[in-house]
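*Asks:* Below you'll find the structure I mean.
The values are calculated or read from the model by the stated rules, or taken from the named source; none is laboratory data. This one's a predicted model, so the numbers in the text were calculated from it and none came from an experiment. With ideal geometry, Cβ positions are generated from the backbone for all residues, glycine too; neighbour counts draw on all protein chains shown. With ligands, DNA and RNA removed, areas are computed over all heavy atoms of the protein, side chains included. Shrake-Rupley method; radii C 1.70, N 1.55, O 1.52, S 1.80 Å.
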Amino acid sequence: MDFALSEFQQLLKEQAERFVERDYGFEQRRTIIAAEPGFSAAHWQTFAELGWLGLPFAEENGGFGGTAADLAILFEVFGRGLVVEPYLATVLGGLAVERSGTPAQKDALLPGVIAGTHRLALASTETGGRPGALHVATQAKKVTGGWQLSGHKAVVLHGASADTLLVSARSHGAHDAPGGIGLFLVPAKTYGVTRRGYATIDGLRAAEITLDRVELGDDALLGEPTAGYALLDALLDIAAIAGCAESLGCMQALIDRTAEYLRTREQFGRPIGEFQVLQHALVDMYMAAEQARSITLAAAMKAGAPVPERQRLVAAARQVCADAGRLVGQTAVQLHGGIGVTDELDVAHYFKRVTMLPAWFADNGQPLDRFQAAAA
């Protein structure tokens, strides 16, 4: 498997690195997350101008035909910058429209997504019972001329700032059956939709969303009313690849900052980096991050493979990255001492993000269970 970057990927990586270095300093980020809506509208427009919002979409839809591997390159740089803009939430919604939408739905939404004038959010997580994309208690009732949705969605990433919500709802079947789940495009300002936004511990924004007998037309349904789970499962695997790549960027930043701290912090008259036990700890951080990098790249390059192979590699990447992120984050904090958990030091923010990343969009099953099922 060739892990070398193409010319396009190298240019994308350098472009993103320049943006983060120039426009996404730590203090700039702190200012952004402290104000509403929790991200920079100017940065979002820059994403559109640089073509990043069109990266994963097909050329016939106005995009660049990018792959999951291209997204992984971008998200690794996002991890280094701790980027908080609603890129992943919007891209996942856009990909759902591109893959299952009608020509009219694509024409109505994708140009705005690519231009940065329309944001989406995936509302698939619920409370109560075992978490997961299969656990859907939100009801979709067929009515004359359309559908009526009622239910509650929890921890919807960037749900409060989205213009359109992609909502999973059940038209029939048991609450945890794969059949009977549909995906619906719900304009956020539709009567009956209530959103409560809040900040998350890692600097992002999420929302609790209540749907109270929300009336929608037939054109709100994305694909078939009982075939939403297969699409949702594929989208969540893309989200997992993006999250793994972002964790790589966080881990590299933690390693760099810890190495610099060990070079400059002195104890007993010499830099603490000269102590062998601390050198070993830094090497353990590096090795864990490199193992995570290898499996993440493999999963990204196989995102279009047959379903069992895709699921197996993505599940492996999720587990390895979660373990590596925990080791790297905890070791970085430990080696920095008490200052490593203060809000004034960026290490604490990287630690929070790398800890939370395995949980975002991880509602299509535990990685080890999915790996075992896909390998059977």
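*Asks:* Defining a contact as two alpha carbons under 8 Å apart and six or more residues distant in sequence, what relative contact order in percent does the chain show?
*Replies:* 15 percent
*Asks:* If you don't mind, another one. With a 1.4 Å probe and every protein chain left in place, work out the accessible area per residue of the chain in Å², rounded to a whole number.
*Replies:* Result: 43 Å² of accessible area for each residue.
*Asks:* What full-extension length gain, to one decimal in nm, is calculated for Asp107 and Lys141 as 0.36 nm per residue of separation minus the Cα-Cα distance?
*Replies:* Stretched fully, the Asp107-Lys141 segment lengthens by 9.6 nm.
*Asks:* Which angle between 0 and 90 degrees, to the nearest 10, do you get for helix 7-23 versus the longest principal axis of the chain when only C-alpha atoms count?
*Replies:* The angle comes out near 70 degrees.
*Asks:* To the nearest 20 debye, what charge dipole does the stretch 65-150 have about its Cα centre, counting +1 at the Cβ of each Lys and Arg and -1 at the Cβ of each Asp and Glu?
*Replies:* Charge dipole of the stretch 65-150: 340 debye, to the nearest 20.
*Asks:* Only residues of the stretch 250-270 count here: report those whose backbone N is under 11 Å from the spot 7 Å along Cα→Cβ of Ile339, or say none.
*Replies:* 261-262, 264-266
*Asks:* Report the calculated FRET efficiency for Thr31 and Arg99 (r = Cβ-Cβ distance, R0 = 45 Å), to the nearest 0.05.
*Replies:* The value I calculate is 0.75.
*Asks:* Grab the alpha carbons of the stretch 196-294, take their convex hull, and tell me the volume per residue in Å³.
*Replies:* Per residue, the Cα convex hull of the stretch 196-294 comes to 151 Å³.
*Asks:* Continuing with the same structure: Tyr286 accessible area, nearest 10 Å², 1.4 Å probe?
*Replies:* Roughly 110 Å² of Tyr286 is accessible to a 1.4 Å probe.
*Asks:* Among Val97, Gly116, Thr31, which residue has its Cα positioned farthest towards the positive end of the charge dipole of the stretch 13-171, with +1 placed on the Cβ of Lys and Arg, -1 on the Cβ of Asp and Glu, and the dipole taken about the Cα centre?
*Replies:* Of Val97, Gly116, Thr31, it is Val97.
*Asks:* With each pseudo-label sitting 7 Å past Cα toward Cβ, what's the Ala375-Lys13 distance in nm, one decimal?
*Replies:* It works out to 2.9 nm between the two label points.
*Asks:* Given the Cα atoms of the chain, and with Rh set as the inverse mean 1/r over their pairs in the Kirkwood sense, what is Rg to Rh to two decimals?
*Replies:* Radius of gyration relative to Kirkwood radius: 0.98.
*Asks:* Return the calculated 222 nm mean residue ellipticity for the chain, to the nearest 500 deg cm²/dmol, obtained by summing -39500 (n - 2.57) across DSSP H runs with n ≥ 4 and dividing by the residue count.
*Replies:* That calculation yields -17000 deg cm²/dmol at 222 nm.
*Asks:* I would also like to ask the following. Given the pairs Lys106/Lys352; Lys106/Lys153; Lys142/Lys302; Lys189/Lys352, which span a C-alpha to C-alpha distance of over 30 angstrom in this model?
*Replies:* Going by Cα-Cα distance, Lys106/Lys352; Lys142/Lys302; Lys189/Lys352 fall outside the 30 Å limit.
*Asks:* While we're here: Checking the cross-link filter: which aspartates and glutamates have an alpha carbon closer than 17 Å to that of Lys141, excluding same-chain neighbours under 8 positions apart?
*Replies:* Within reach: Asp212, Glu215, Asp218, Asp219, Glu224.
*Asks:* Let me ask you something else. Rank these residues by their accessible area, most exposed first, probe 1.4 Å: Glu85, Glu309.
*Replies:* Sorted by accessible area, descending: Glu309, Glu85.
*Asks:* On to the next question. In the chain, what percent of the accessible surface is made up of carbon and sulfur (1.4 Å probe, ligands and nucleic acids excluded)?
*Replies:* 55 percent
*Asks:* Heavy-atom accessible area of Thr226 with all protein chains present, probe 1.4 Å, nearest 10 Å²?
*Replies:* 60 Å²
*Asks:* For the stretch 293-299, take each phi angle, set θ = phi - 60°, evaluate the Karplus expression 6.51 cos²θ - 1.76 cosθ + 1.60, and give the result in whole Hz per residue in order, putting x for glycine and proline.
*Replies:* Rounded to whole hertz, the list is 4, 4, 6, 5, 5, 4, 5.
*Asks:* So if each residue of separation counts as 0.36 nm, and I subtract the Cα-Cα distance between Thr226 and Asp323, what length gain in nm does that give?
*Replies:* 31.4 nm
*Asks:* Rounded to the nearest 10 degrees, what's the angle between the helix 68-81 long axis and the longest principal axis of the chain, both from Cα atoms, 0 to 90?
*Replies:* Helix 68-81 sits roughly 50 degrees off the main axis of the chain.
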